[in-house]
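Engineer: Just dropping this structure here.
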Amino acid sequence: MANAPTMFEEFDYTGKWRLPGQTEGGWTGIVSFKPETGSALKLLDAPDYPKSPKVLFGEVSDSPYRLMLLNCYRVGHSPVFTRQSRSENQLYQARYLLAGHWSMSSDDEDLTFTSLGVSFSCLRGWMWSGSPFRRERDGGEGQEASVSYRRDRVLQNYEVYEHEPCEMEILLNEGIGESRDTASLQLSRENYIRLVPLNPQSLDWFMEQIQRIQDLLSFLIGLPIERKKISGTMKEDDPRPGTADVYHFVRPPKEDEIHNRKMALPLELLGELMPDVIEAWYEKDEEQLIPFKLCLDVINNEQKYSKFEFLALVHSLESFHRYKYGKNPGLQDRLKKLRKSLPKLLQNDLALDDEFLKSVDSSRDYFSHYDPEIRKRRNVLEGLDLYNAIARLVPFAAFILYHELGIPEGKICEAFKRMEYGGGLWQRPQLQPLREMDEEWPID
C-alpha cells in the first residue's frame, strides 16, 4: 500500500471479517497493530463467533484495502453492557497481519508470494557511501555499482528447514532492478531488500530467508537491526498480481538510522569483498553458524547480564575451535591457539596474555557450575574485572569470526580503528575503578 505504516508504528483498521470460503454473513471488527504486541482483532457483538480460525479475511470500511490474519487464534472475550442487553466482544491474536490489494479469489490458507521486499533499520547508513562496486557481469560490460552473484544451492546445508532448495541470484546495487529468469536478492541505497525466488514460495519460507539475511547484516554492522517494513507480491490467477504489506511483532530499535561511523563493517569498507562474504555465510551449515549466533545474541540483547554475555562469548570461541580443528583440548588451550591467529598488535592491545586466558577459563567453569571450590582455588572474574574482560573478548571473537567469513586482517583492523572514534558495540571502553575521595561530600 502506498504510504502504508511501518512496523514501528501503531495503527488500526475497522472492517468486515469472514472465514475462508464464507460468502455470506461475517462479523464487524477492529484490527489493531502495536510493534511490541503484534496484531490483535476484536469482533464486535459476535455471538456466532469463529472458535478456532487459522485464517480470517477482512475488508476495510470505505477503502479498497483487503486484510488477512494468518496463524490466528482466539484469546478470550470482553463483556459489553448496555441498558437493554449484555453482549461480548471476541478477542483474537495472529502471527501475521497482511494489508493490501488482492482479489477475493485468494482464499487460500497456503498462499504463496512471487517476491518479498524488506526494509531494515540502519540499512541506509550501512550502504551510505554510494557506489563501491564495479564488476563485470556475465556476458556484459562493466556496470557501475552492481555486483551479480548467483547461488545455485543456497539451502542445501539448511537442513533445519523443510523447504526445498531454491535457486537464487544476489544483486547488490543502488536501486531496485528487475529480475530475469533467475531469483534475485537486491539491496538498494533506499534501505530496501527484495527477495525473488525462482518459484513462488510461502510466507514462512521468505521469513526464514529474511532472518538469515538479517543475521548477516547485524553481524557486519555490529549493532542490532530490525525489520521495518515488509511488502510482497502474491501469486494470483488475475492479470494484475496482488500486493500486501506484512506486519508482525518487532522490537523497534532505539535509533532507526545510525551513521556508518558507528558500524563495524559498512559496505564502503567491504567493497568488492561483499559477494565473497555472502558466499561464506551461505556455505555455513546450522552447526557452523553456532559461534556467529552466540555473538549475535550479545549484539541483539543490550540489557543482557554480564555473566551471560561472558558465557556466550566464551562458548562462541570454544565452539568455533571445536568445529574448525576437531580436537578436544581444554578451554585455555583452545583460546591460546585462537590467539595466535590475531595480529600481534591486536593481541597486545587486548592484553590477551596467559594469565588473562587462565582467568577466563576459571570464570567459565565457575559461572557454568557455581562450584564454590572453583572460586576458592582459582581466579574468578567479577564486577569491573568481568566487564573489562567482556570488552576484550568482544573484539577477540569478532576478529576470529570476521576472518572466517573471508574478510582480510587489514579490513578488520581498519574496522576496529574506525569504531575507536565512533563507538559501536564491538569497541567497548575499558573502565577504571573509582578513586576514593579524599574528603567527604558536604551535607547541605
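Engineer: Applying the selection to the range 13-45, what residues are assigned to a strand (DSSP E or B) and small (Gly, Ala, Ser)?
Structural biologist: 15, 29, 32, 38, 39, 40
Engineer: Just give me the residues in the range 257-276 being open to solvent by less than 50 Å² (accessible area, probe 1.4 Å) and within 17 Å of the chain's Cα centre (by Cα), in sequence order.
Structural biologist: 258, 263, 264, 265, 266
Engineer: Quick one: in the range 243-256, which of the residues that are out of contact with any Leu (no Cβ under 9 Å at 6 or more places or on another chain) and open to solvent by less than 80 Å² (accessible area, probe 1.4 Å) is modelled with the highest pLDDT?
Structural biologist: Filtering the range 243-256 for residues that are out of contact with any Leu (no Cβ under 9 Å at 6 or more places or on another chain) and open to solvent by less than 80 Å² (accessible area, probe 1.4 Å), the one modelled with the highest pLDDT comes out as 250.
Engineer: Assess whether residue 322 counts as being farther than 22 Å from residue 126 by Cβ, open to solvent by less than 40 Å² (accessible area, probe 1.4 Å) and either without any contact (Cβ under 8 Å) to a residue 40 or more places away in the chain or assigned to a helix (DSSP H, G or I) (or both).
Structural biologist: no
Engineer: Can I ask one more? Which of the residues belonging to the range 1-60 are of a type in the set (A, V, I, L, M), open to solvent by 20 Å² or more (accessible area, probe 1.4 Å) and touching a His at 6+ places or on another chain (Cβ under 9 Å)?
Structural biologist: Across the range 1-60, the qualifying residue is only 1.
Engineer: Related question: Report yes if residue 345 is of a type in the set (A, V, I, L, M, F, W, C), out of contact with any helix residue (DSSP H, G or I) (no Cβ under 7 Å at 6 or more places or on another chain) and either in contact (Cβ under 8 Å) with a residue 40 or more places away in the chain or outside any loop (DSSP other than H, G, I, E, B) (or both), otherwise no.
Structural biologist: Here the answer is yes, as residue 345 does meet what is asked.
Engineer: Same structure again: Scan the range 286-313 residue by residue and report those that are of a type in the set (D, E, K, R) and either open to solvent by 50 Å² or more (accessible area, probe 1.4 Å) or in contact with a Cys (Cβ under 7 Å, 6 or more places away or on another chain) (or both).
Structural biologist: The answer is 286, 287, 293, 297, 302, 304, 307.
Engineer: Right, here's the next one. Restricted to the range 325-337, and to residues that are touching a helix residue (DSSP H, G or I) at 6+ places or on another chain (Cβ under 6 Å) and either of a type outside the set (Lys, Arg) or part of a loop (DSSP other than H, G, I, E, B) (or both), which residue is nearest to residue 403 (Cα to Cα)?
Structural biologist: 335
Engineer: Within the range 290-313, is even one residue without any contact (Cβ under 8 Å) to a residue 40 or more places away in the chain, small (Gly, Ala, Ser) and not in a loop (DSSP other than H, G, I, E, B)?
Structural biologist: Yes, because at least one residue in the range 290-313 is without any contact (Cβ under 8 Å) to a residue 40 or more places away in the chain, small (Gly, Ala, Ser) and not in a loop (DSSP other than H, G, I, E, B).
Engineer: Taking the condition of being over 28 Å from residue 416 (Cα atoms) and either open to solvent by less than 80 Å² (accessible area, probe 1.4 Å) or touching a residue at least 60 places away in the same chain (Cβ under 8 Å) (or both), how many residues in the range 325-342 meet it?
Structural biologist: 3
Engineer: Another question about this same structure. Quick one: would you say residue 46 is under 30 Å from residue 256 (Cβ atoms), out of contact with any Gly (no Cβ under 7 Å at 6 or more places or on another chain) and of a type outside the set (Lys, Arg)?
Structural biologist: Taking the combined requirement at face value, the residue does not satisfy it.
Engineer: So is residue 361 closer than 15 Å to residue 392 by Cβ, open to solvent by 40 Å² or more (accessible area, probe 1.4 Å) and either among the charged types (D, E, K, R) or touching a residue at least 24 places away in the same chain (Cβ under 8 Å) (or both) or not?
Structural biologist: So residue 361 fails the test.
Engineer: Restricting the search to the range 264-277, which residues are at pLDDT 85 or above and among the aliphatic types (A, V, I, L, M)?
Structural biologist: 264, 265, 269, 270, 273, 277
Engineer: Ok, one more. Give the residues of the range 221-255 that are of a type in the set (D, E, K, R), in a loop (DSSP other than H, G, I, E, B) and out of contact with any Lys or Arg (no Cβ under 7 Å at 6 or more places or on another chain), sorted by residue number.
Structural biologist: Residues satisfying the conditions are 235, 236, 237, 238, 240, 251, 254, 255.
Engineer: Just to check your reading of the model, which residue among 371, 349, 354 is surrounded by fewer than 13 Cβ atoms within 10 Å (Cβ to Cβ) and either at pLDDT 90 or above or closer than 24 Å to residue 291 by Cα (or both)?
Structural biologist: Checking each option against the conditions leaves just 354.
Engineer: Scan 214, 209 and give me the residue that is crowded, with 18+ Cβ neighbours inside 10 Å and either more than 11 Å from the chain's Cα centre (by Cα) or free of Cβ contacts under 8 Å to residues at least 60 places away in the same chain (or both).
Structural biologist: Of the residues listed, the single one that is crowded, with 18+ Cβ neighbours inside 10 Å and either more than 11 Å from the chain's Cα centre (by Cα) or free of Cβ contacts under 8 Å to residues at least 60 places away in the same chain (or both) is 209.
The values are calculated or read from the model by the stated rules, or taken from the named source; none is laboratory data. Just so it is clear, the structure is predicted and the values come from calculations on it, not from any experiment. A quick note on method: Cβ atoms are made from the backbone with ideal geometry, for glycine too, and the neighbour counts reach across all protein chains shown. Heads up: the accessible areas ignore ligands, DNA and RNA and are worked out on the full protein's heavy atoms, side chains in. Shrake-Rupley method; radii C 1.70, N 1.55, O 1.52, S 1.80 Å.
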